[in-house]
Amino acid sequence: MDLTPVFDQLWRTIGWLVPLAITVLILKSAWFKGQLGEGVVRIAAAWRLPTRTYHAFHNVTLETADGTTQIDHIFVSRFGVFVVETKNMKGWIFGSERQAQWTQKIFKKTFRFQNPLRQNYRHVKAVEETLNISPEVIHSVVVFAGDSTFKTPMPANVTKRGGYISYIRSFQDPVLSETEVMAISSLIECRRLKPSWKTQRRHVRQTRERHSDNAKLSARQRRQ
């Protein structure tokens with residue numbers, strides 16, 4: 001008995017569920033949420049940070065001594081180099097500058113995540129070493145792009161939505177010449193890895209390996 005017509009009819013009836021399911025999975029993925037948050041920050045910057053003053057670089061992957069590091073946004077201006085980490089999160093956010101782990105609370109569910117200031121410190125050091133510039137002219141900025149509420153006092157450089165722009169524009173004293181700004185911008189373009197799926201996969205793999213090595217080291221230290 002040939003069941004092909006039956007399967008054809010079944011596919012025409014429920015086949016649309018497959019792409020729908022794939023779309024739902026993508027929309028709920030951490031990758032998509034991260035891309036959405038970065039997109040919101042990028043659009044806000046394009047509107048409110050003059051391009052003649054602030055040279056913007058997005059999704060910058062740099063080589064480091066132990067692999068690669070991926071930076072959401074870098075803004076180069078005469079007022080400094082701003083390294084921006086984006087978090088697209090909702091709910092209540094608890095944390096302090098010195099805590100290793102922060103807390104996200106959504107109704108009765110609680111989640112832990114790495115202090116984004118510590119996460120961005122690695123990015124700042126990579127920029128410092130790659131560009132060979134003084135740490136005094138580099139500023140770490142964290143922006144929560146989602147519908148979140150801070151339930152503990154946050155440092156000035158931890159902002160919500162468009163607050164990061166006000167923070168960046170609060171720096172009014174020039175610390176770099178226009179020549180230095182152009183040189184730094186050119187060096188970022190020269191040193192960054194080409195944005196691609198290959199670069200992304202390499203970064204994810206090296207990040208997992210680094211975290212695995214750190215976990216093994218911590219385990220050995222606890223046994224000693």
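Table for the structure above
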{"quantity": "Amide proton proximity set for residue 88, modelled H, under 5 Å, gap of 5+", "calculated": "145"}
{"quantity": "Relative packing of peptides 62-72, 95-105 - highest average C-beta neighbours within 10 Å first", "calculated": "62-72, 95-105"}
{"quantity": "Heavy-atom accessible area order for 194, 90, 151, largest first, 1.4 Å probe", "calculated": "194, 90, 151"}
{"quantity": "Cα-centred dipole magnitude for the stretch 78-151, charges only on beta-carbon of K, R (+1) and D, E (-1), debye, nearest 20", "calculated": "540"}
{"quantity": "Simple spin-label estimate for residue 107 and residue 205 in nanometres, 7 Å along Cα-Cβ", "calculated": "4.0"}
{"quantity": "Per residue solvent-accessible surface (Å²) - the stretch 105-147, probe of 1.4 Å", "calculated": "57"}
{"quantity": "Integer Hz, Karplus 6.51/-1.76/1.60 couplings in order for the stretch 90-99, x for Gly and Pro", "calculated": "10, x, 8, 10, 10, x, 9, 4, 9, 6"}
{"quantity": "Largest to smallest accessible area among 58, 73 [probe 1.4 Å]", "calculated": "58, 73"}
{"quantity": "Rounded percent of accessible protein surface that carbon and sulfur make up, the stretch 72-129, 1.4 Å probe", "calculated": "51"}
{"quantity": "Charge tally in the Cβ shell below 13 Å around residue 121, where Lys, Arg are +1 and Asp, Glu are -1, residue 121 excluded", "calculated": "0"}
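The values are calculated or read from the model by the stated rules, or taken from the named source; none is laboratory data. This is a predicted model, so every value here is computed, not measured. Please note: Cβ atoms are built from the backbone with ideal geometry, for glycine as well, and neighbour counts cover all protein chains shown. The area values use the complete protein model at the heavy-atom level, side chains included, leaving out ligands, DNA and RNA. Shrake-Rupley method; radii C 1.70, N 1.55, O 1.52, S 1.80 Å.
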